[in-house]
Amino acid sequence: MFRVFLPSLEFASVWRDAARRLASNNIAPGQIVWDRGEGSDLFGVAEQPQADGPSAVTAPSSFRQLAEAVLCHRDPVAPSLLYKGLHRHQTDRRALANPADALSRRLEKLARSVRRDIHKMHAFVRFRELPSKGPRRSFGAWFEPDHLILEAATPFFARRFADMDWMIATPQGVARFESGSLAFHLPAPRPDFPDDASETLWGTYFANIFNPARIHLNAMRSEMPVKYWKNLPETRLIPAMLTTAEARVDAMRAALPTEAPARTARILNRLAPDETVAIPQTLAEAKTAAANCRRCGLCEAATQTVWGEGDPSAALMVVGEQPGDAEDLAGRPFVGPAGQLLRTLMDEAGTGSVWMTNAVKHFKFRPRGKKRLHQNPSRGEIEHCRWWLDLERRLVAPRLTLALGASAAYALTGDKSPMRARRGQIEQARDGGSVLVTWHPSYILRLPPSDRQNARAELLADLRQTTTLLKDAVVPYRGSASD
Ligand code: URA
């Protein structure tokens with residue numbers, strides 16, 4: 001048997017050196033006692049080998065982080081489990097990375113519990129100001145972590161509070177940060193810190209941000225476990241705040257504003273049609289008015305409003321989703337790749353004159369480097385822009401409308417159900433007109449080549465169907481420009 005004594009501080013490097021030496025001598029885990037001075041029976045136990053053995057010791061790259069966390073765990077078996085993992089890795093390179101392996105799962109669990117403890121320490125250490133002799137302010141704190149995390153957790157405070165001196169005392173030891181260097185010392189009795197004015201200030205702040213209407217005791221206990229409360233000055237205020245919470249909620253309710261805040265008026269103003277401006281009576285007036293549209297936020301980033309174009313007396317209106325990158329720059333609908341595919345298919349189908357437009361008149365995109373990536377408009381944006389589409393439909397008065405894709409179909413019919421079952425069907429528009437639903441050409445362009453031909457043929461068939469329907473006059477548009 002071999003014995004390795006792990007001191008209460010700097011135990012990680014002691015473990016590392018010993019583990020490397022023992023593993024290189026191929027000492028089995030069961031042959032080693034990892035002694036944290038917790039009363040192991042040490043009779044008949046030899047000290048560890050003095051020199052590295054013949055075998056080269058390797059560890060996976062993630063092992064160092066795992067080891068640093070596991071070694072802080074208070075469970076006395078943690079160091080020996082970790083050695084078991086290292087020893088096994090020498091003959092089975094995949095064991096430690098295998099999440100189904102019981103030992104690696106156990107090590108991960110130990111590490112997780114330590115990381116959680118470190119996180120809590122970072123959140124719940126409360127400093128009190130101490131008298132200082134030099135130019136640097138001085139602070140002290142007492143904290144009781146679950147695990148042996150003093151050395152692992154305190155470099156965080158050194159980075160955060162680099163311009164002051166501080167000490168954090170724990171039952172495991174004391175961390176002192178003085179003139180920019182961090183040192184660790186053996187435990188001392190719990191210091192008696194003086195009262196601190198900043199603590200009163202912190203208490204006042206906490207009481208003020210405490211919202212009695214949002215108390216959720218269980219959530220609060222899990223975020224800030226009760227075991228930490230005794231060392232948190234602000235928690236002394238919680239019982240009193242809870243007893244008065246109900247009355248405070250009533251008071252908040254009674255004080256609720258009865259009028260919407262001033263900004264609501266500004267927003268409504270921007271979104272609502274300006275009733276003082278005459279409703280455009282012609283397509284030319286509508287185009288001019290739409291150029292200044294500020295009904296939704298899309299106008300902010302787009303280059304310009306892209307109004308419809310084509311034959312104003314056409315029997316067929318084609319409605320797309322929104323202008324794309326090319327349309328936004330050109331100020332004309334369907335001039336980019338999807339538009340070109342559509343125009344090609346329209347030629348193939350022998351489609352007559354049309355009015356082409358979009359459900360949304362501004363390009364919605366997400367910048368990525370120099371590119372502007374298309375984003376689908378939201379339902380809200382489609383609804384805001386419908387004011388223009390409805391006006392455009394009253395002015396063009398088509399007998400049939402071809403809806404390209406889901407956004408156009410939703411804008412025209414109010415139906416948001418999926419496209420597959422609807423494609424090729426005639427639906428009724430919100431204004432009573434007839435709408436033939438079909439694929440959007442850019443959807444076809446995005447399909448894998450194997451599916452593209454089929455969808456292209458379906459769009460072509462739907463375009464041919466519009467010609468047939470209009471010939472037979474079976475799809476009379478029931479609205480009129482005077483609606
Ligand atoms: N896609 C559309 O929906 N409309 C256009 O104008 C161009 C591409």
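Find the eigenvalues of the gyration tensor of the Cα atoms of the stretch 110-174, then list the square roots of 5 times those eigenvalues as equivalent ellipsoid semi-axes, largest first, in whole angstrom.
They are 24, 11, 9 Å, listed largest first.
Looking only at the chain, where both bridge partners belong to it, what percent of the DSSP beta bridges are antiparallel (to the nearest 5)?
Antiparallel bridges make up about 45 percent of those DSSP assigns within the chain.
Could you tell me what a quarter of the Cα convex hull surface of the chain works out to, in nm² with one decimal place?
37.6 nm²
Where a ≥ b ≥ c are the square roots of the eigenvalues of the C-alpha gyration tensor, would you call the stretch 331-483 rounded, which needs a/c under 1.5, or, failing that, prolate if a/b is larger than b/c, or oblate?
Here the stretch 331-483 falls in the oblate category.
Give me the distance in nm between label points sitting 7 Å out from Cα along the Cα-to-Cβ direction at T288 and T200, one decimal.
For the pair T288/T200, the computed spacing is 7.0 nm.
If the chain between Q90 and K416 were fully stretched, how many nm would it gain, using 0.36 nm times the residue separation less the Cα-Cα distance?
Stretched out fully, the Q90 to K416 stretch lengthens by 111.4 nm.
Quick check: net charge around D328, other residues with Cβ under 14 Å of its Cβ, Lys/Arg +1 and Asp/Glu -1?
Residues close to D328 contribute a combined charge of +2.
How long is the gain from K133 to R253 if the chain were fully straight, where each residue apart is worth 0.36 nm and the alpha carbon distance is subtracted?
38.1 nm is the gain from fully extending K133 to R253.
Regarding the stretch 276-364, what is the average projected area of its C-alpha convex hull, in nm²?
So the mean shadow area of the Cα hull is 6.1 nm².
Using a 7 Å offset from the Cα along the Cα-to-Cβ direction at both D311 and R160, what is the distance between the two label points in nm, to one decimal?
7.2 nm
Given 0.36 nm per residue, what is the gain on full extension from R74 to R116 after removing their alpha carbon distance, in nm?
That pair, R74 and R116, stretches by 13.8 nm at full extension.
What number comes out for the charge environment of H362, summing +1 per Lys or Arg and -1 per Asp or Glu over other residues with Cβ under 13 Å away?
-1
Student exercise: in the chain, how many lysine pairs 8 or more apart or on different chains have Cα atoms under 16 Å apart?
4
Specify the angular offset, from 0 to 90 degrees and rounded to the nearest 10, of the alpha carbon long axis of helix 78-89 from the longest principal axis of the alpha carbons in the chain.
Approximately 70 degrees, to the nearest 10.
Calculate the spin-label point distance for E47 paired with E458, positioning each point 7 Å from the Cα along the beta-carbon direction, and give it in nanometres.
With each label placed 7 Å out from Cα toward Cβ, I get 8.0 nm.
Where the centre of each part is set by its Cα atoms, how far does the stretch 298-315 sit from the stretch 428-444, in angstrom?
18 Å
Every number in this text was worked out from the coordinates using simple rules, so none of it is lab data. Just so it is clear, the structure is predicted and the values come from calculations on it, not from any experiment. Quick reminder, even Gly has a Cβ in these numbers, built from the backbone with ideal geometry, and neighbours come from all protein chains shown.
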